[in-house]
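Okay, structure first, notes after.
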Amino acid sequence: MNDPSPTGRAEEGPTIWVASDHAGLAMKRDIAAWLAQAGWRVIDLGPDEPASVDYPDYANRLAEALKDKEEAFGVLVCGTGIGISMAANRHRHVRAALCHNATDARLARQHNDANVIALGARTLGPEIALDCVSAFLDAEFEGGRHAARVAKMS
Ligand code: RB5
């Protein structure tokens, strides 16, 4: 597992957890660096080498990290974002949204109270991926009519 503060930045910022598989490793690193620059304390749950790994193992790590935490967010990256989001969503407390653009990401927070954003390194360019993460973290759950729907999922 990687150092909890890979960038060496101050630890007082809000914490966010990131994980990937081998296909998502490079994009995860870019996102982690961007998040750290934006003031987040980034905890990278791995992998930290390009050797082939199984995405459920890393989705499970991230789910474990978010367990029993309120307002805690995670970023998952695999080749398409599909497998790793499926695996993460096996956990009742995880609402992982596979996003392809900033609108997906914003609405995933506003309407679905997503706590994890999943991205595909093989299907998204790096700028779009960062736009997604930025929109996701800038948006807030709107509650209201959405709250009952979200509650029905858990
Ligand atoms: C790994 O080759 C690939 O299958 C994985 O990253 C992901 O795309 C699965 O959904």
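What follows is calculated from the coordinates using simple rules that are stated; it is not laboratory data. Worth saying up front: this structure is predicted, and the values here are computed from it rather than measured. Positions of Cβ are generated from backbone atoms using ideal geometry, with glycine treated the same way; all protein chains shown enter the neighbour counts.
Of note:
- Over the chain, DSSP H runs of length four or greater, each weighted -39,500 (n - 2.57), average out per residue to a 222 nm ellipticity of -12000 deg cm²/dmol.
- Förster-model FRET efficiency, 41 Å R0, GLU142 and ALA26, C-beta, rounded to 0.05: 0.75
- Per residue, the average separation of C-alpha pairs within less than 8 Å and at least 6 apart gives the stretch 74-154 a relative contact order of 35 percent.
- Pairwise label distance in nanometres, THR15 with SER134, each label 7 Å out on the Cα-Cβ vector: 2.7
- Note on ASP57 and MET86: the model spin-label points, each 7 Å out from Cα along the C-beta direction, lie 1.9 nm apart.
- Multiplying the residue separation of ASN112 and GLN37 by 0.36 nm and removing their Cα-Cα distance gives an extension gain of 24.3 nm.
- Taking label positions 7 Å along the Cα-Cβ direction at both GLU70 and THR123, the computed distance is 3.4 nm, reported to one decimal.
- Here the gap between LYS152 and HIS93, fully extended at 0.36 nm per residue and compared with their Cα-Cα distance, gives a gain of 20.0 nm.
- Helix axis angle, 55-66 relative to the chain longest principal axis, alpha carbon, degrees: 60
- Over the chain, Cα pairs under 8 Å with separation of 6+ residues give a relative contact order of 22 percent.
- Share of Cα-Cα pairs in the chain lying beyond 24 Å, as whole percent: 23
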